[in-house]
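Peer 1: Quick one: this structure, given as structure tokens, is what I'll be asking you about.
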Amino acid sequence: MNVNTFAAALSALAACVIGGSPGAHALLIDTFDAGSLGFVPAGTTADSQVAGAMLGGERDESVTNTSATGGILAGAGGGAYGYGAIGAAGSGLLSWDGADASAALDAKGLDGADFTEGATHGALSIEILSNDIAAPLILTVYTSATEFSQITVATPGGIPGGPALTLEIPFASFVPTGAGADFANVGAFTLEIVGLTEPQLDLTLGSIATAPLAVPDPGTFALLGLGLVMLARWSGQHYRSLS
């Protein structure tokens, strides 16, 4: 094996180690297969609870139209959640806090859901199916009412008809309040779409899940060890040939 061939092989091995194992499965928070669709007229708020196969068995949906005119068409179903403002500013709040049939947030309603999936997950993954105008999303993870972590991220904008893309937000980027959220002991999770300055905002979300960390499996470590042994042998042979 010459030096170039071996270097290429070692680079491929290193990429394998860095990339980790694809075996860890994401924790699905919501696929938006179940839901409701409603029109929220000017100056009103609509609240609803949707039961289904989402995290905690229920999703709370709240949409507020802060404008004096226009309306907001919002709701989930068929694998997507849509928020469409028609000449109206406002916001949409999605909450996962257990099956309590109430719009009030229960910060411990999920009974300690493990977003880290045994320390193999380190981010939230949010699929953006379409989005015409960049707007803030506020994500909040609760362990209790006084222990939570929050982050504001911007949607991409400029993709009114797709193509879909995925936002990945590391747990480590959330800003803590109090002791902050324990992502291995989650009591509630909320996502707020902020369209207070965007009266024509159209945003469609796909699935929301946790994203696995890149953790090498034992077989990968064994390959790395073999590679290091080969490197040591090649270095010794190369040194002797130069002596």
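The values are calculated or read from the model by the stated rules, or taken from the named source; none is laboratory data. Given the structure is predicted, the values throughout are model-derived calculations rather than measurements. Note that each Cβ is placed from the backbone with ideal geometry, even for glycine, and that neighbours are counted across all protein chains shown.
Peer 1: With the requirement that a residue be acidic (D, E) and part of a strand (DSSP E or B), what does region 168-193 give you? Full working, then the answer.
Peer 2: Of the residues in region 168-193, the ones acidic (D, E) are 168, 182, 192.
Listed by number, the residues that qualify are E168, E192.
Peer 1: Is it the case that some residue within region 68-86 is assigned by TED's automatic domain parsing to the domain that holds L167 and touching a helix residue (DSSP H, G or I) at 6+ places or on another chain (Cβ under 9 Å)? Walk me through how you get there before you give the answer.
Peer 2: First, pick out the residues of region 68-86 that are assigned by TED's automatic domain parsing to the domain that holds L167: 68-86.
Applying the additional criterion that residues be touching a helix residue (DSSP H, G or I) at 6+ places or on another chain (Cβ under 9 Å) yields none.
No, there is no match, as no residue in region 68-86 is assigned by TED's automatic domain parsing to the domain that holds L167 and touching a helix residue (DSSP H, G or I) at 6+ places or on another chain (Cβ under 9 Å).
For every residue, the table says whether it meets (1) of a type in the set (V, I, T); (2) in contact with a Gly (Cβ under 9 Å, 6 or more places away or on another chain); (3) over 18 Å from F189 (Cα atoms).
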residue	(1), (2), (3)
V63	yes, yes, no
A89	no, yes, yes
D97	no, yes, no
Q150	no, no, no
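Peer 1: Among the residues of region 28-38, which ones are outside any strand (DSSP E or B) and surrounded by fewer than 20 Cβ atoms within 10 Å (Cβ to Cβ)?
Peer 2: Step one: list which residues in region 28-38 are outside any strand (DSSP E or B), which gives 31-36.
Result: T31, D33, A34, S36.
Peer 1: Determine, yes or no, whether S207 is modelled with pLDDT of 95 or more and under 20 Å from L37 (Cβ atoms). Step through it out loud before you land on a result.
Peer 2: Numbers: modelled with pLDDT of 95 or more: yes; under 20 Å from L37 (Cβ atoms): yes.
The answer is yes for S207.
Peer 1: Hey, among G109, G92, G98, which residue is in a strand (DSSP E or B), modelled with pLDDT of 95 or more and either out of contact with any Cys (no Cβ under 7 Å at 6 or more places or on another chain) or within 22 Å of A209 (Cα to Cα) (or both)?
Peer 2: Values: G109 fails: in a strand (DSSP E or B); G98 fails: in a strand (DSSP E or B).
It is G92.
Peer 1: Name every residue in region 1-54 that is at pLDDT 95 or above and of a type in the set (V, I, T), in order of residue number.
Peer 2: Once the filter is applied, which keeps residues that are at pLDDT 95 or above and of a type in the set (V, I, T), region 1-54 yields I29, T31, V40, T44, T45, V50.
Peer 1: Separate question: Mind checking which residues of region 154-167 are in a strand (DSSP E or B) and closer than 20 Å to G90 by Cβ?
Peer 2: Keep residues of region 154-167 that are in a strand (DSSP E or B), which gives 154, 159-160, 162, 165-167.
Across region 154-167, the qualifying residues are A154, P160.
Peer 1: Filter region 112-129 down to the residues that are hydrophobic (A, V, I, L, M, F, W, C) and assigned to a loop (DSSP other than H, G, I, E, B), then identify the one that is nearest to Q150 (Cα to Cα). Explain how you work it out, then say what you get.
Peer 2: Our first condition is that a residue be hydrophobic (A, V, I, L, M, F, W, C); within region 112-129, this holds for 113, 115, 119, 123-124, 126, 128-129.
If we keep only those that are assigned to a loop (DSSP other than H, G, I, E, B) too, we end up with 115, 119.
On the way: F115: 15, A119: 20 Å.
In this case the residue turns out to be F115.
Peer 1: Right, something else. If you check every pair at least six apart or on different chains, which have Cβ atoms under 9 Å apart with a residue in region 78-107 that is among the β-branched types (V, I, T) first and a residue that is not in a loop (DSSP other than H, G, I, E, B) second?
Peer 2: What qualifies is I86/F39; I86/G71; I86/I72; I86/L73.
Peer 1: For region 130-153, check the following and say yes or no: at least one residue is surrounded by fewer than 15 Cβ atoms within 10 Å (Cβ to Cβ), within 17 Å of the chain's Cα centre (by Cα) and in a loop (DSSP other than H, G, I, E, B).
Peer 2: No.
Peer 1: Keeping to region 91-125, report how many residues are crowded, with 22+ Cβ neighbours inside 10 Å, of a type outside the set (S, T, N, Q) and closer than 24 Å to L165 by Cα.
Peer 2: Of the residues in region 91-125, 6 are crowded, with 22+ Cβ neighbours inside 10 Å, of a type outside the set (S, T, N, Q) and closer than 24 Å to L165 by Cα.
Peer 1: Looking at region 58-73, which of the residues that are among the hydrophobic types (A, V, I, L, M, F, W, C) and under 25 Å from the mean Cα position of the chain (by Cα) is farthest from Q200 (Cα to Cα)? Quick ask: steps written out before the conclusion?
Peer 2: Going through region 58-73, the residues among the hydrophobic types (A, V, I, L, M, F, W, C) turn out to be 63, 68, 72-73.
Of the ones still in play, those that are also under 25 Å from the mean Cα position of the chain (by Cα) are 63, 72-73.
On the way: V63: 15, I72: 9, L73: 11 Å.
The selected residue is V63.
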